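Note sheet for the following structure.
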Amino acid sequence: MESQWRKEFQDNGFIGPFKVYEPEEAKQMIASVRKQNFNRDNILFDNDLNYDRHYDIPELTNHIGHPRIVEKLRAIMGHDILCWRSEFFPKFPGTPGTEWHQVADYSYASGTPQISPIENHPDLPMDITVWTTFTEATVENGCLRFMPGSHKKKLYDESKTTQSGRNEEYVAVEADTQFYGYNFQDFRVDERWDPEKEKTVSMVMQPGECVIFTAKCCHASHPNITKRNTRMAIASRYVPTFMRVYPGQSSFFSHGANMELDNYGAVLVSGEDRYKHNTLRDTNNLGKAFPVFGK
Ligand SMILES: O=C(O)CCC(=O)C(=O)O
C-alpha cells in the first residue's frame with residue numbers, strides 16, 4: 001500500500017481522497033471549530049487570516065497529527081515530519097473559484113521564501129498539503145481541481161514581481177481577486193498559457209475526507225454557485241525536518257496580514273528532529289500536547 005501511495009503521488013502530484021473522520025464526526029467537529037473561532041483569547045496570530053489555529057483550538061491540535069494522515073505522509077515524505085502551518089479554507093455561496101496556482105516556497109506572498117531546504121533530496125517532496133473537508137466538496141460548492149503531473153513543470157514563477165497582494169493592507173478574503181488578494185496569473189512563466197486548456201481533475205469529496213498534494217501540482221477550485229451550501233476545509237502543511245521554516249525571519253507578511261513569529265514553533269508530528277534548525281513547539285497555547293505518530 002505504501003509504495004502504491006508513493007508511486008501515485010510521484011506520478012500525479014496528489015493522492016486521495018482518504019477518509020479521516022466519519023461524515024457525522026466531521027460535521028460536529030467543524031461546528032465546534034467554528035464556535036471556538038470567535039474566541040481569540042489564546043490565538044497565535046491575532047488577525048483575520050486564521051493561520052495556525054491548531055495552537056488554540058484543541059480539535060485542530062489533534063487533527064494536524066491524526067494517525068490516518070501521518071501514516072500516508074510517512075509513505076511519501078519519510079518519517080521525520082513537521083507540521084509548519086494550518087489554514088482555514090471556507091468557500092461561501094456565491095464566491096469565485098480559487099484561481100490556478102503552483103507554489104514551491106511560498107515566496108509569492110511577500111517575495112521571501114517561507115520554507116527552504118538545507119540539503120538536496122530530489123526523491124522527497126519539500127512540502128505537502130493535506131486538505132481536509134468538513135462539509136461535502138462538490139463541483140457546485142467549490143471542490144478542488146488538480147492538473148495531474150504539473151508538479152514536474154515550472155508553470156508559475158513566484159519570484160516574479162506583481163502589482164497585487166504583496167505588502168498591501170488587508171484585502172478582504174476573495175473581495176477582489178480569485179487568490180485571496182493576489183492575482184496568481186501574474187506569476188505565469190508563459191503569459192500566453194491558459195490553464196483551462198489543460199487536462200484537469202475535479203476532486204469531489206465527502207465530509208471527513210482529505211486529499212494530499214504537493215502545492216507544486218497546479219491546483220484551483222470551482223466557484224461556489226450554490227445559494228446556501230458553504231464548503232469548509234482546513235489545510236495542514238508539512239515539511240521534512242531538513243527544511244527550514246521562515247528562515248531568518250521574526251515575522252512574515254501574507255494575504256494582507258502580518259504574522260509575528262515570537263511564539264511560533266513548527267510541530268513534530270512524526271519521527272525525530274536531527275537538524276535542530278527550527279524552533280519547535282510540543283504543546284499548544286492551552287498547554288495541551290500535540291500528538292506524535294506512534295507515541
Ligand atoms: O480551498 C481552496 O479553494 C484552495 C486551497 C489551496 O489552494 C491550498 O490548500 O493550497
Scan region 79-124 for residues that are closer than 21 Å to M243 by Cα, within 14 Å of the ligand (Cβ to nearest atom) and either modelled with pLDDT under 95 or aliphatic (A, V, I, L, M) (or both) and jot them down. V103, A104, Y108, A109, I115
Any residue in region 30-46 that's open to solvent by less than 50 Å² (accessible area, probe 1.4 Å): show its pairings with residues that are in a helix (DSSP H, G or I) at Cβ separation under 7 Å, as long as the two are six or more apart or on different chains. S32/E59; V33/E59; V33/L60; L44/Y55
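A quick yes/no check of all residues on (1) within 30 Å of K27 (Cα to Cα); (2) polar (S, T, N, Q):
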site	(1), (2)
S236	yes, yes
V245	no, no
S254	yes, yes
A257	yes, no
E260	no, no
T279	no, yes
L286	yes, no
G294	yes, no
Where residues in region 178-202 are within 14 Å of S150 (Cβ to Cβ) and part of a strand (DSSP E or B), which of them is modelled with the highest pLDDT? V201
Condition first: at pLDDT below 95, open to solvent by 50 Å² or more (accessible area, probe 1.4 Å) and touching a Phe, Trp or Tyr at 6+ places or on another chain (Cβ under 9 Å). Can you find one or more residues in region 155-162 that meet it? yes
Residues within region 129-145 that are within 11 Å of the ligand (Cβ to nearest atom) and of a type in the set (V, I, T), tallied: 4
Taking the stated definitions as given, is M243 more than 16 Å from the ligand (Cβ to nearest atom), in contact (Cβ under 8 Å) with a residue 24 or more places away in the chain and either under 17 Å from the mean Cα position of the chain (by Cα) or open to solvent by 10 Å² or more (accessible area, probe 1.4 Å) (or both)? yes
Given A104, A75, which one is open to solvent by less than 30 Å² (accessible area, probe 1.4 Å) and of a type in the set (A, V, I, L, M, F, W, C)? A75
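Filter region 78-100 down to residues that are open to solvent by 20 Å² or more (accessible area, probe 1.4 Å) and within 19 Å of A220 (Cα to Cα), then give me how many there are. Full working, then the answer.
As a first pass, look at region 78-100 and keep what is open to solvent by 20 Å² or more (accessible area, probe 1.4 Å): 78-80, 88-90, 92-96, 99.
Cutting the leftovers down to within 19 Å of A220 (Cα to Cα) gives us 88-90, 92-96, 99.
Residues meeting the conditions: 9.
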W84 vs. criteria under 19 Å from the mean Cα position of the chain (by Cα), within 16 Å of Y180 (Cβ to Cβ) and touching a residue at least 12 places away in the same chain (Cβ under 8 Å): no
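The values are calculated or read from the model by the stated rules, or taken from the named source; none is laboratory data. Keep in mind the model is a prediction, meaning the values are calculated, not measured. All Cβ positions, glycine included, derive from the backbone under ideal geometry; neighbour counts span all protein chains shown. For accessibility, only protein heavy atoms count, side chains too; no ligands or nucleic acids. Shrake-Rupley method; radii C 1.70, N 1.55, O 1.52, S 1.80 Å.
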